[in-house]
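Working notes, beginning with the structure itself.
The values are calculated or read from the model by the stated rules, or taken from the named source; none is laboratory data. All values reported here derive from a predicted model rather than from experimental measurement. Positions of Cβ are backbone-derived with ideal geometry, glycine not excepted, and every protein chain shown enters the neighbour counts. Side chains are part of the model used for accessible areas, which takes the heavy atoms of the whole protein and leaves out ligands, DNA and RNA. Shrake-Rupley method; radii C 1.70, N 1.55, O 1.52, S 1.80 Å.
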Amino acid sequence: MNRFRLFLPLALVMASAAFAQTTHAGNSPFPAYRIMDNLYYVGTEDIAAYLIVTPSGHLILNSGYEDTPAMIRASVQKLGFKITDVKILLNSQAHFDHVAGQAALQKMTGAKIYSSEREVGVLQSGGKTDSRFGREVTYPPVHVDHTVSDGEGVTLGGVTLTAHLTPGHSIGCTTWTMQVNDASKVYDVVFVGGTTINPGVRLVDHPTYPGIAEDFKRTFQTLRSLKCDVFLGAHGVYYGMIEKYKRLEEGAQPNPFMDPEGYRLYVDAAEVQFLDRLSAEKHGPLRIFEKHSDGSVTSPNWSGYAVTGEVDSVTAAYGSWLVPTATCGGRPRNSGASFWVGIDGYTSATVEQTGTDSDCSQGTPRYYAWYEFFPEPGVTIKTISVEAGDVMSASVIYNGTEFTATITDARTRETFTTSKAVPSAKRDSAEWIAEDNASIFTDFSTAFFGQDETGVAATCDATVGSKTAAIGGFPSYHAITMVGSTEGSLLAVPSALSTDGASFSVQWR
C-alpha cells in the first residue's frame, strides 16, 4: 500500500548537486484543504506543509524547496487566510526539501523561525553543515529565533504544538504533536518528522554522524510512546495523503486522516527497515579481545572457526549449517544473529560472505538469506525462502578477478549466486561463523555446521594455496569464542571439531 512506502523522495533529485533547478519530485501544486478543526494542508503533492490557525496568528510547519513558498502562499490565500498573519515557522528536519524555502517564507510572513537545537547550525549555514547533504546541496541560510528542546510546547493563540526529538533521518529531526477537536471530541495529531535512512548514510562503519544508530533506536521508542489518532508527516507518502484527500473530498466518514492503525504499521515497517540495514552493516570484520597460545581467540562479535594463510592464498570457502530457531519469547522485541561462510575479515578490512539470519523482529522470529561484500552494505536475498531447520550450503570462491558467493536451501532447492570484484581484499583467511549482528544477540540455542549435521559433503572446507581441506586439516586454524563486555561473560562458544575436522556446533549462552 502506498502509505507504507518508506523511500525518501529527495533521493529522486540527488542526480543534481546544484539547487538551481525549479522543479522537484513531489513538488507539483496540490489543492489546499482543511484536515480537521484548525489544521490545514498547504503543501504540494508530496512535500508536506501545514497551516495551524489560531486567534493570535498562525503557524506553518515546513517550507519545502526554494520554489515551494509561492505555492504555500497561494494555498493559504485560497483557504481565506493572510500569509502575513503567520507568526511562527516550524520544521520537521533541516534537509533541503523541507527548509530550503524557509528564507523566502520568512520574507513573505515576517514570522519567527523555530528549530531543534541540533539543527540550528545546519539552518544558519544554509545546509552546509548537514552531515549527509552538506557537500552536495545548500540553500539560503536563515537566522533561528528560538531553539526548541525535546518535549517543549510551542504555544500561540491557545494552541500548542509539542516537539519530540526523533533524530537519525536528520541529526535534529523533530516529530510534532498537537490536539484538534471534531464533533466535541479531542484527537491527538502526530506529524512524523522522518524515519528513513537516506542514500549513502552509514550507521556503523564510518557512521554519517556519531551516534546515528542509537538515535534511530531512541526515535522508534519515542514514536511508539506517542498517542496518535490523526497520522500526518513531513512527506505525504508517509501516510497516503493523496488517497486520503480523495476520500475526504468524497465525504468519507470517519475522517480518513484518523488512522492510528496506519501510524502503528508505518512505525513497525520503518523500524524493520532500520534493523535490516543495521544488521547488514554489522556483518563486519572480526574484533579480537584476546589471543591465546593455542591459536584460539575471544571476540565480541564472532564465534566459530577460521583458517588463516598468507596474503592472496585463500581462494575458496565452503560451508553448510542448519538454520537455528530464534527464541523470541521473553527477549527484547528486536535482536539478531547471523550464520555464514566467507573469506577475509580475520585480519583484514573486507569480508566476502553469504549466510542466513535468525532474528527477532517485533518479538517475532524472522529468517532470511543474505550476502555481503563488506564494507558495502549487506543485501537480503529475496528469492530464497528460509525457515528454521533448513539445511543451507554456501560457498565463496575467488576466480582471479572476482568473488562469487553462492547459497542454496536444500528444502526448497532455491539457489542464489552473485559476483563482485573486491580489489582491496587480502584473501588471507576463511571463516565459518555465528555472528552477533545487533545490539541484542538472538537466543538461537545451538547452531550446527558441517557434514556431520547437514549431510552436505566437503563442508566445512577451504582452499588455501594449492591445498583443499577441512578446517582441521590446516596447520593454522582458530576457534573463536564470543564474549560480552563483562569480564568472563560468554555469548557463544564453539565446540571442538569433529573427528573429520570439519563439523562443529556453536552454543548460545
**OP:** Could you please let me know if P29 is at pLDDT 95 or above, open to solvent by 40 Å² or more (accessible area, probe 1.4 Å) and either within 22 Å of G200 (Cβ to Cβ) or in contact with a helix residue (DSSP H, G or I) (Cβ under 8 Å, 6 or more places away or on another chain) (or both)?
**Re:** yes
Original post:
Is there a residue being modelled with pLDDT under 95, in contact with a Leu (Cβ under 9 Å, 6 or more places away or on another chain) and closer than 28 Å to Q273 by Cα anywhere in segment 153-176?
Top reply: no
**OP:** Could you please let me know if D37 is farther than 22 Å from V142 by Cα and acidic (D, E)?
**Re:** yes
**OP:** Inspect all residues belonging to segment 222-233 and state whether any of them is under 27 Å from the mean Cα position of the chain (by Cα) and among the hydroxyl-bearing types (S, T, Y).
**Re:** yes
**OP:** Could you list, in sequence order, all residues of segment 206-228 that are in contact with a helix residue (DSSP H, G or I) (Cβ under 6 Å, 6 or more places away or on another chain) and in a loop (DSSP other than H, G, I, E, B)?
**Re:** C228
**OP:** Among the residues of segment 35-45, write down those that are assigned to a loop (DSSP other than H, G, I, E, B) and either open to solvent by less than 10 Å² (accessible area, probe 1.4 Å) or more than 13 Å from K244 (Cα to Cα) (or both).
**Re:** D37, N38, V42, G43, T44
**OP:** Scan segment 158-172 residue by residue and report those that are open to solvent by less than 10 Å² (accessible area, probe 1.4 Å) and either over 23 Å from the mean Cα position of the chain (by Cα) or among the polar types (S, T, N, Q) (or both).
**Re:** L161, T166, S170
Subject >> Odd one out for I440, checked against (1) hydrophobic (A, V, I, L, M, F, W, C); (2) within 16 Å of S338 (Cα to Cα); (3) crowded, with 19+ Cβ neighbours inside 10 Å; (4) at pLDDT below 95 >> reply: (3)
Subject >> Index of the failed condition, T160 passing every other in (1) closer than 24 Å to Y40 by Cα; (2) in contact (Cβ under 8 Å) with a residue 24 or more places away in the chain >> reply: (2)
**OP:** Just name the residue that is least open to solvent (accessible area, probe 1.4 Å) out of those in segment 173-187 that are in contact (Cβ under 8 Å) with a residue 40 or more places away in the chain, over 21 Å from A100 (Cβ atoms) and among the polar types (S, T, N, Q).
**Re:** T177
**OP:** Among the strands (runs of 3 or more DSSP E) lying completely within segment 272-356, list those that include at least 3 residues that are in contact with a helix residue (DSSP H, G or I) (Cβ under 8 Å, 6 or more places away or on another chain) and either surrounded by fewer than 24 Cβ atoms within 10 Å (Cβ to Cβ) or touching a residue at least 12 places away in the same chain (Cβ under 8 Å) (or both).
**Re:** 314-322
Original post:
If we keep just the residues of segment 418-459 that are in a strand (DSSP E or B), touching a Leu at 6+ places or on another chain (Cβ under 9 Å) and not β-branched (V, I, T), which is nearest to N334 (Cα to Cα)?
Top reply: F441
Subject >> Filter result for T68 (touching a Phe, Trp or Tyr at 6+ places or on another chain (Cβ under 9 Å) and either in contact (Cβ under 8 Å) with a residue 12 or more places away in the chain or under 30 Å from T208 (Cβ atoms) (or both)) >> reply: no
Subject >> Options T499, T463, T468, T481; residue that is out of contact with any strand residue (DSSP E or B) (no Cβ under 9 Å at 6 or more places or on another chain) and either outside any loop (DSSP other than H, G, I, E, B) or farther than 16 Å from G342 by Cβ (or both) >> reply: T499
